[in-house]
Amino acid sequence: MEIFSEYYNYFRYLHYLFFISWMAMLFYQPRLYVYHAENYDKPDYVKVVEVMEYKMYKYIGYPALIGSFATGVLIILAMPDLLKMGYIHLKLLVVVLMAAYHFSLGYYMRELKAGRCKRTGMFFRAYNEVPTVAMLIIIWMIVFKPF
């Protein structure tokens, strides 16, 4: 859409800010789950971690996710020819997988709070690597545009 094209760089700027915020949450949230899973025997400590988990997820994660998606749509509206480039399709697929990962973190947060989560701190340490791989793929696609 012609009306959006003049704002393309502003949309990209905002997109990067939201993406960085979202990645910060995706990196840190599983680390909180490590602390939670490894300290069930310390209820006062767990209460503090639960507050951190909730605030990180709700007040940083969700706005950043929504902002990333909204500005991504605006970028595509401003430059619809992006959809003709192969790399963007892989990037979008990885973004959808990251959103699924984001929602899985919400599931684990609820399970941990309810005391039903059987996952260990070691699991969450490994699970914490998922967004790193996703970020590496996304940035590779943006910088090198291989397809």
Open item on the list: Using a 1.4 Å probe on the protein heavy atoms, what percent of the accessible area of the chain belongs to carbon and sulfur?
Closed with: 71 percent
Open item on the list: Roughly how far apart, in whole Å, are the Cα centres of region 1-77 and region 81-147?
Closed with: 12 Å
TODO: Would you mind checking K55/K91; K47/K113; K47/K118; K42/K118 for any pair whose Cα atoms are more than 20 angstrom apart?
DONE: K55/K91
Task: Local net charge near Y8, Cβ-Cβ under 13 Å (Lys/Arg +1, Asp/Glu -1) - done: -2
Task: Modelled FRET efficiency - R0 35 Å, L136 with Y10, Cβ distances, 0.05 increments - done: 0.85
TODO: Over the Cα atoms of the chain, compute the convex hull volume and normalise it per residue, giving Å³.
DONE: 95 Å³
Task: F69-A24 pseudo-label distance in nm [points 7 Å out on the Cα-to-Cβ vector] - done: 2.1 nm
Open item on the list: What number does region 105-147 give for Rg over Rh if you use C-alpha atoms and the Kirkwood radius?
Closed with: 1.23
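The values are calculated or read from the model by the stated rules, or taken from the named source; none is laboratory data. What you are looking at is a predicted structure, and each value in this text was computed from that prediction instead of being measured. Glycine also receives a Cβ, built like all others from the backbone with ideal geometry; neighbour counts cover every protein chain displayed. All accessible areas refer to the heavy atoms of the entire protein, side chains included, with ligands and DNA or RNA removed. Shrake-Rupley method; radii C 1.70, N 1.55, O 1.52, S 1.80 Å.
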